[in-house]
Amino acid sequence: MASGVGASRRVGFGNVLAAFIVLSWCACNPEGPAIEARPQTITFGAAPPLAVGNSATVTATASSGLPVRYSSTTPTICSVDAITGLVTDLIVGTCVIAANQSGNTTYAPAPQATQSLSVVFNPSQTVTFSATPTLSLGGTAIVTATASSGLAVNYSSTTPKVCLVDSSTGQVTDLTEGTCIIAADQTGNVDYSAAPQTTLSITISPASGVSVPDAPTGVTATLGRTPDTVSISIGATNSGSSPITSYTVTSIPAGIIATDSASPIIVTCPSTCAGYAFSVTAANALGDSAPSAQADVITSYDVVESFFEPDTQPRNSIFAGSFTFNFTTGTVSDLHGILSESMTGDQVAYPNDDMTWLSLNNQLSSESDSTNAGLLVTTFLLPTTDTLWTGTGGNGWDPGTGDGIYCGFPGANPGNAYARIFVNTADPTAPLAQSQIDQLAYADCTPGGMMGATCMTGTTVAGYGTIGTMSGYPTSQTITRK
């Protein structure tokens, strides 16, 4: 009997100990035990045809009925909208689209499904002119034509006794009254056949009385080949029926003046053109026009940044994108691009990888970094900054915060991601110092970047007080002019 009581006590103690272990595990494990883990699968619909110059939509459904997210595993060939499945081709080749469903409290994550689309050669292309400019005798104007292929067009005048045109810029100069006919051609390449020639007719009106020119219109300014030069282009100028003799470019604030007889005009700044805008006046025999509207200096760039990932070698986390920089205001706009998920794909390094790539198209933050003389600009997967856990404070996304856990934990994960770049406002293409590299960061809380409740991140201790959740950290960033 005593033996039975002792055994009963031992069993009771064992039950208590087991319960204590379970409770302790639940308290220490932020995920908690899974409620259910029903299996689910993803099925693609029929692959749509896809030709160079076109787009198509893929459709995948999860057996659970939960929404799927799309990504391109061949980003050099095609990109895809993560939500809608709209595929945009880039070059001829095989486009591979992946579909993922991360599950919920009822369903386990689905195995990734992929669909291959053959991006085929589309030999046809067309050329289209934009609006017809107004042109009076003695004036100039710019015509613009675009090819459906995206290839550059070439301009020519079929009425050379009436007007002439610059073959690359489309600037038209009239010679006499009458009908000026401008032709636009695109000769094709290995992917496209030549486009049918397209023409535009411009009526050159007679002089209505001689006067000073009107203010030039359509003035644009882009950075030159060095940070201390700017190229000024003039859209059109009504000459006042007396030939334009010169154009004068004036900076805002004042201090820079340049004069030339034709557009584009190259202007040299004292050391840098940052902070300057420009206006143009035209002159004829009677005098000067009023100044044109102010033109900010706006230039486009490509950017590639890399984060070393020791646990997924040879694959690293890569952000490849582009942005527009306004040198006049010192601001960045339209930062967008793609972020690789280094836990996906085969053991092949970028750029020949087959990793899953996320489309980050929502620039939601731009902050001044006065210490490093630049801007920290961040673009997101979703149109919200909610990315990381706020249980320890923070705003839900700042690099190095949230313990790397997804925003909203332990509730539903919004599945956001972001990449942060550094832009040197004096010269975006300048190589970065280590202190500037330390400010780069990324976070990936989508299914392909998750380890339980933890997101993949990349930061440095010097920049944000912590290294990435898988020990990832930024190593380089390169910005090049488009």
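The values are calculated or read from the model by the stated rules, or taken from the named source; none is laboratory data. Quick caveat, the model's predicted, so the values are computed rather than measured. All Cβ positions, even for glycine, are placed from backbone atoms using ideal geometry, and neighbour counts span all protein chains on display.
See the values below:
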read-out	value
Filter result (more than 21 Å from Ser289 (Cβ to Cβ) and of a type in the set (S, T, N, Q)) within segment 222-237	Thr222, Thr226, Thr229
Residue selected from segment 253-286 under the condition among the polar types (S, T, N, Q), outside any loop (DSSP other than H, G, I, E, B) and touching a Phe, Trp or Tyr at 6+ places or on another chain (Cβ under 8 Å), by the criterion surrounded by the fewest Cβ atoms within 10 Å (Cβ to Cβ)	Thr259
Qualifying residue in segment 330-344 (condition: small (Gly, Ala, Ser), within 21 Å of the chain's Cα centre (by Cα) and assigned to a loop (DSSP other than H, G, I, E, B))	yes
Unique residue being under 18 Å from Ser471 (Cβ atoms) and surrounded by 23 or more Cβ atoms within 10 Å (Cβ to Cβ) when the list is Ser306, Ser342	Ser342
All positions within segment 359-407 that are touching a helix residue (DSSP H, G or I) at 6+ places or on another chain (Cβ under 8 Å) and among the aliphatic types (A, V, I, L, M)	Leu388
Residue check, Thr146 free of Cβ contacts under 8 Å to residues at least 40 places away in the same chain and either crowded, with 17+ Cβ neighbours inside 10 Å or in a strand (DSSP E or B) (or both)	yes
Residue list for segment 158-174, filter: under 37 Å from the mean Cα position of the chain (by Cα), surrounded by fewer than 20 Cβ atoms within 10 Å (Cβ to Cβ) and assigned to a strand (DSSP E or B)	Thr173
Scan of segment 355-385 for residues that are outside any strand (DSSP E or B) and crowded, with 17+ Cβ neighbours inside 10 Å, ordered by number	Met355, Asn361, Asn372, Leu381, Leu382, Thr385
Filtered residues of segment 43-72 (kept if part of a strand (DSSP E or B), surrounded by fewer than 21 Cβ atoms within 10 Å (Cβ to Cβ) and without any contact (Cβ under 8 Å) to a residue 40 or more places away in the chain)	Ser55, Thr57, Thr61
Test result for Ile234, in the same structural domain as Ser279 (by TED's automatic domain parsing), touching a residue at least 12 places away in the same chain (Cβ under 8 Å) and closer than 17 Å to Ile142 by Cα	yes
Every residue from segment 172-200 that is within 16 Å of Leu137 (Cβ to Cβ) and in contact (Cβ under 8 Å) with a residue 40 or more places away in the chain	Glu177, Cys180
Residue, farthest from the chain's Cα centre (by Cα), within segment 182-221, restricted to residues that are assigned to a strand (DSSP E or B) and surrounded by fewer than 17 Cβ atoms within 10 Å (Cβ to Cβ)	Ser205
Matching entry among Ala152, Ala98, Ala141, Ala113 (being in contact (Cβ under 8 Å) with a residue 60 or more places away in the chain and surrounded by fewer than 19 Cβ atoms within 10 Å (Cβ to Cβ))	Ala113
Residue that is surrounded by the fewest Cβ atoms within 10 Å (Cβ to Cβ), among those in segment 222-241 that are part of a strand (DSSP E or B) and of a type in the set (Ser, Thr, Tyr)	Thr229
